[in-house]
Amino acid sequence: MDWRTGVAATDWDNIAKKEHLDALSVEMRKLEGSIREIYAEMLQLQQREQEMRDLNGEREMRGDGEERGRVGWGVMGAAAAMV
């Protein structure tokens, strides 16, 4: 089976006949479609990267608070042991 999506799935021969396009125009349309797909994928990857950065930032903030709490409890425990 041959699965095609996007530009590869378009019937370019049929489009060329309907719109009376020459071979160069058909190739230009194929390239334009490929560029649009690449750009859309790039935007999607940038969005996913930003979501991961946001998630990572939230985890770091949460982790910093936990670490301060552990250090604080350790200092209080040491101070209590000295008394």
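The values are calculated or read from the model by the stated rules, or taken from the named source; none is laboratory data. Because the structure is predicted, anything quoted here is derived from the model rather than measured. Virtual Cβ from ideal backbone geometry, glycine too; neighbours counted across all protein chains shown.
Observations on the model:
- Annotation: TRP3 fulfils all but one of (1) at pLDDT 75 or above; (2) not in a helix (DSSP H, G or I); the unmet one is (1).
- Residue count for the stretch 13-31, restricted to those that are assigned to a helix (DSSP H, G or I) and either surrounded by 11 or more Cβ atoms within 10 Å (Cβ to Cβ) or of a type in the set (A, V, I, L, M, F, W, C) (or both): 11
- Scanning the stretch 29-83 for residues that are modelled with pLDDT of 80 or more and β-branched (Val, Ile, Thr) gives ILE35, ILE38.
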